[in-house]
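Novice: First, the structure itself, so that you have it in front of you.
All of the numbers you see were taken from the coordinates with simple rules; none came from a lab. All values derive from a computational prediction rather than experimental measurement. Backbone-built Cβ (ideal geometry, glycine too); neighbour counts: all protein chains shown.
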């Protein structure tokens, strides 16, 4: 992205729709602290693509996953 490297970008029919920010399992209790980082990735431009902000954002340890849908008028994880 134009603000840094995202861990994963989700695509549906070759169009980007979301971001996954991966963290170690030990950081599970602190996943809410990386929501701002994930949000920045979702609202940034992806390299080589002229994308709109991405609506789906995940933060995950592989055991615990938080999800936010930014299409919601009051988004919350």
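Novice: As a footprinting exposure proxy, order 57, 17 by other Cβ within 10 Å, with the fewest listed first. Please list the in-between numbers first.
Specialist: Values: 57 25, 17 14.
With the sparsest Cβ surroundings first, the list reads 17, 57.
Novice: Out of the DSSP beta bridges found with both residues in the chain, what percent are antiparallel (nearest 5)?
Specialist: Here the antiparallel bridges make up roughly 65 percent for the chain.
Novice: How much length is gained if the chain between residue 36 and residue 69 is pulled fully straight, taking 0.36 nm per residue apart and subtracting their Cα-Cα distance, in nm to one decimal? Spell out each step's value before the answer.
Specialist: Details: separation 33, 0.36 × 33 = 11.88 nm, distance 1.37 nm.
Extra length from residue 36 to residue 69 when fully extended: 10.5 nm.
Novice: Sticking with this structure for a sec: So what is the relative contact order for the chain, in percent, with contacts set as C-alpha pairs under 8 Å and at least six apart?
Specialist: In percent, rounded to a whole number, it is 30.
Novice: Using the basic label-point model (7 angstrom from Cα toward the beta carbon), what is the residue 11 to residue 27 distance in nanometres?
Specialist: 2.5 nm
Novice: Averaged over all directions, how much area does the convex hull of the C-alpha atoms of the chain cover when projected, in nm²?
Specialist: 5.1 nm²
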